Structures are given as structure tokens and as C-alpha cells.
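**Student:** Please find one structure pasted underneath; my questions will follow.
The values are calculated or read from the model by the stated rules, or taken from the named source; none is laboratory data. Since we're looking at a predicted model, the values are computed, not measured. Cβ placement follows ideal geometry from the backbone for every residue including glycine, while neighbour counts extend to all protein chains displayed.
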């Protein structure tokens with residue numbers, strides 16, 4: 001009987017030690033979690049495009065900071081996932097205003113020239129739908145403290161498209177896509193896949 005008691009006690013201690021080891025092996029400290037964040041950066045830096053189905057008016061432009069990238073969002077009034085909003089996004093050496101061809105200075109190590117198939121006015125009435133002014137920073141957008149974004153400039157609203165110059169830290173990978181009534185451009189913080 002004593003042998004069984006000793007054996008049972010030994011198994012209980014061994015099981016507890018095994019459980020404690022398993023518990024600590026699965027635990028992740030906040031520092032380790034931050035170091036293990038994997039960032040998708042396989043987007044490349046080549047031009048991204050999508051064809052439009054129409055020209056709904058631009059309602060707003062806003063930005064946000066994320067763990068792996070900075071984001072700019074174009075809110076298109078009345079657009080849905082069923083109504084493709086066209087866009088063309090690519091790096092340029094110099095930003096030239098659509099229509100006039102005038103140079104628009106943009107701060108940063110690289111410039112993204114963003115065209116969204118949504119004019120800053122209502123095509124039916126001609127009423128302004130977004131208050132952007134040529135060569136000026138985007139109204140209501142504050143990018144101070146962003147890791148990648150350095151400057152924003154409204155280019156023009158010309159022939160059914162709105163043009164924006166986005167100054168970024170360097171020529172970094174980016175992606176562009178539509179989700180619902182929003183055209184989104186994300187610019188990665190770096191070329192590395194792990195942050």
C-alpha cells in the first residue's frame with residue numbers, strides 16, 4: 001500500500017511540474033509579442049490600378065496609424081462594393097497637377113501620386129463635396145507623428161478624378177484596394193516582414 005502511495009505522489013509531482021513547464025512555454029511576454037509581430041510587406045512598390053464603374057463624389061479623406069503601415073482612406077459617397085471605384089496609385093519623382101501640369105512640391109523621401117475616380121464635387125449638381133484646394137495640405141488631416149507619412153497635398157479634381165500627392169519617408173511597399181465605399185492606400189513602415 002505504501003508503494004502505491006509513493007508512486008501516486010511521484011506521479012502527481014511530475015504531472016504538476018509538466019503542467020507548469022507547459023504553462024510557461026506557452027506564455028508570451030508583451031516584449032516577445034511585440035518582437036514577433038509579422039508585417040506583410042510583399043505588396044511591392046509598383047503602380048496599383050482598378051477600373052471604375054462610375055464617378056460618385058468624394059466625401060472625405062482621412063488617415064490612420066497601424067502597427068505595420070500608415071493608411072489613407074478616400075470615402076466615396078454612395079459607393080458600395082458592388083460599384084467599383086477606380087484608382088491609380090504610383091510613385092513619381094515630381095507631382096504635377098492634373099489639368100495645369102504645374103509642379104506641386106511635396107515633402108518626403110518619395111511621392112505617391114494617388115488618383116481616385118471620385119471628383120471633389122457632385123457630378124449632378126456641381127456642388128462641392130470635398131473642400132480640397134490645389135497645392136494645399138488635405139483639410140482636417142494631421143499626419144504629425146506618423147512613421148511613414150510626411151506630407152499631403154491636394155492636386156486637383158479633374159475629369160472625374162481627384163488627385164492627391166502623398167509624401168512618404170522613402171519608396172516603401174504599398175497596397176491599394178476598395179472596401180465598401182472606401183478606397184484605401186496602406187504604405188508599409190519598412191521592407192522587413194517582421195516588426
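Listed here are the residues, each with its yes/no results for (1) under 27 Å from residue 51 (Cβ atoms); (2) at pLDDT below 95; (3) surrounded by 13 or more Cβ atoms within 10 Å (Cβ to Cβ).
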| residue | (1), (2), (3) |
| --- | --- |
| 147 | no, no, yes |
| 155 | yes, no, yes |
| 162 | yes, no, yes |
| 168 | yes, no, yes |
| 195 | no, yes, yes |
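**Student:** Taking the criterion of being more than 22 Å from residue 47 (Cβ to Cβ) and under 15 Å from the mean Cα position of the chain (by Cα), would at least one residue in the range 93-111 satisfy it?
**Tutor:** No, because not a single residue in the range 93-111 is more than 22 Å from residue 47 (Cβ to Cβ) and under 15 Å from the mean Cα position of the chain (by Cα).
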